[in-house]
Structures are given as structure tokens and as C-alpha cells.
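Structure, as C-alpha cells:
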Amino acid sequence: ATCRDLLNRLQAGEVILDFEVHLRTRSGGIKTVRLNADVLRREGRFIYARSFSRDVTAETSSQRKLAESEQRFRQLADNIREVFWIWEPATNRCIYVSPMFEQIWGRPITSIRDNPSVFLDSLHPDDLPRVQQAMVTTGAGTAQTVEYRVLRPDGTMRWVRDCGYYRPQGGFSTP
């Protein structure tokens, strides 16, 4: 959107909310400004226009950098040849799981997001106590490596070496 678009919309009587425009400063830099504007008319005659603007350069720069970081994370995590997940213990939710989960567990990614018990329910019963103990130890702050068997819905079995660690601000992860 350009300043011309803004003027045309105001002329048409539109109230403008959060219109973002890029302005060049005297020093040659670019500022991002978000503005609200409207025009008051009486009996079809222009009375006045008012506009309130706010410099959002830092905010939009931060949002752009965050989006770029998220994109780099997704490129890495979605293409890694191992299962990688981020678990949020406070809500008992899997907030991210890499696509390799489907190949190893033989289940759709949505299954672990929709039903967190899918992880433990998929383990060989003989391995369950050892994995649960490793989870407790990891939750206490000690990185753990544990091997266990995953029983897939098609009846096949996969061995997994799981290296987990706990970050209090981010939950469990398995690289």
C-alpha cells in the first residue's frame, strides 16, 4: 500500500486503522510507521482530517527476525533424519515433532499431538519402566540416553536410541 492508496481511501470516506507505511528519514534510513486516520465532513464538505501515527520500526524488525528464525528452525527440524520433538511438561503436550516420527513410529504426527500417551503406549512393555525412569531423571535435569523398542501399528518393531534433555523454560527435547 502506498500513500496514494491512503489518500484515496480517506477521500472515499474510509476510516483507516493500522495502515503501515515506510518513510525515508533525513539521514536516508527507513522507518516503518503505523497510522490511523479519518476525515470529518459535514453536509459533504471537508472539515478536517486527523491522523495518529506510531513508529513501529523496531517492532516490525523484531517480528521479521523472529519469522526468519522460525523458518530456519523449520527447515532444519523438518528435514533432519531423526525424530526430534519438543515436549511441554506443564501442559503434557507435544508442541513439535519432526516428520521422521511417522516413519519410525508408523503413526501420523497428529497422533502424538492429539494424544500424548501415544508415545508410551507405543513402547514394548518390557522397555516401559526403563523409559519412564529415564523421563523422571531427565525431568530432574540430567540428560539421558535410553534404548527401547517401538511397536508400530503394522506389527513391526523399531529400535530407538533416545537422547533426551530438559530445559526448564522449554520442556523436554530429544535430539
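The values are calculated or read from the model by the stated rules, or taken from the named source; none is laboratory data. None of these values were measured; they are calculated from a predicted model. Here the Cβ positions follow ideal geometry from the backbone for every residue, glycine too, while neighbour counts run over all protein chains shown. Note: accessible area is taken over every heavy atom of the protein model, side chains too, but ligands, DNA and RNA are not part of it. Shrake-Rupley method; radii C 1.70, N 1.55, O 1.52, S 1.80 Å.
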Exercise. Checking Ala90 against (1) open to solvent by less than 80 Å² (accessible area, probe 1.4 Å); (2) aliphatic (A, V, I, L, M); (3) at pLDDT below 85, which single condition isn't satisfied?
Worked result: (1)
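When the stretch 119-134 is examined, which residues are found to be in contact with a helix residue (DSSP H, G or I) (Cβ under 8 Å, 6 or more places away or on another chain) and either open to solvent by 20 Å² or more (accessible area, probe 1.4 Å) or of a type in the set (Ser, Thr, Tyr) (or both)? Give the steps one after another, and end with the answer.
So the first thing to find is which residues in the stretch 119-134 are in contact with a helix residue (DSSP H, G or I) (Cβ under 8 Å, 6 or more places away or on another chain), and the list is 119-120, 122-123, 128, 131-132.
Leu120, Ser122, Leu128, Gln132 - these are the residues of the stretch 119-134 that are in contact with a helix residue (DSSP H, G or I) (Cβ under 8 Å, 6 or more places away or on another chain) and either open to solvent by 20 Å² or more (accessible area, probe 1.4 Å) or of a type in the set (Ser, Thr, Tyr) (or both).
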For this session: Answer with yes or no whether Asp114 is among the charged types (D, E, K, R) and open to solvent by less than 30 Å² (accessible area, probe 1.4 Å).
Result: no
Exercise. Taking Thr137, is it surrounded by 12 or more Cβ atoms within 10 Å (Cβ to Cβ) and either closer than 30 Å to Val21 by Cβ or small (Gly, Ala, Ser) (or both)?
Worked result: no
For this session: Tell me, please, whether a residue that is modelled with pLDDT of 85 or more, farther than 20 Å from Arg158 by Cβ and either touching a Phe, Trp or Tyr at 6+ places or on another chain (Cβ under 9 Å) or open to solvent by 80 Å² or more (accessible area, probe 1.4 Å) (or both) can be found in the stretch 71-81.
Result: yes
Seminar exercise, completed: Exactly one of Arg54, Arg64 is of a type outside the set (Val, Ile, Thr), farther than 30 Å from Met135 by Cβ, touching a strand residue (DSSP E or B) at 6+ places or on another chain (Cβ under 7 Å) and at pLDDT 85 or above, and that residue is Arg54
Problem set entry | Qualifying strands (runs of 3 or more DSSP E) (wholly inside the stretch 13-64; at least 2 residues being open to solvent by 70 Å² or more (accessible area, probe 1.4 Å) and either over 15 Å from Thr2 (Cα atoms) or touching a residue at least 60 places away in the same chain (Cβ under 8 Å) (or both)) | 30-42, 45-55
